[in-house]
1. 222 nm [θ] for the chain, helices only, -39500 (n - 2.57) per DSSP H run of 4+, per residue, to 500?
2. Residue by residue, what Karplus-based ³J(HN,Hα) values in Hz, rounded to whole numbers, does the stretch 2-17 have, using 6.51, -1.76 and 1.60 with θ = phi - 60° and x for Gly and Pro?
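Just so it is clear, none of the values below were taken in a lab; they were calculated from the coordinates. Computed from a prediction, not measured in an experiment: that's the story for all the values here.
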Amino acid sequence: MRGLAVVVGGLLLVGGAVLVVVADQERVAALDEIRAQVVKTEKLFDDTRAENLRLAEQLTALRSQIAEQDAVLSDSTGFLQ
């Protein structure tokens, strides 16, 4: 009986160790996936930031044009011409 208990205990110990190793591998795989997603999100953020800066420059130019046109339209005396 004692021999059977030792064998069963050994099997439980080995099974527990296997579960710990598998859980650690899954944790490492999940961390790798999260790191890859972070890199992907950072690249998307940088691309979006660059696009926003480009659009802001265009908007500034358009606002300047509108201001000039508004000044010409509001000049009823013809003084600015």
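1. My calculation for the chain gives -34500 deg cm²/dmol from helical runs alone.
2. With coefficients 6.51, -1.76 and 1.60, one gets 4, x, 5, 5, 5, 5, 5, x, x, 5, 5, 5, 5, x, x, 5 Hz.
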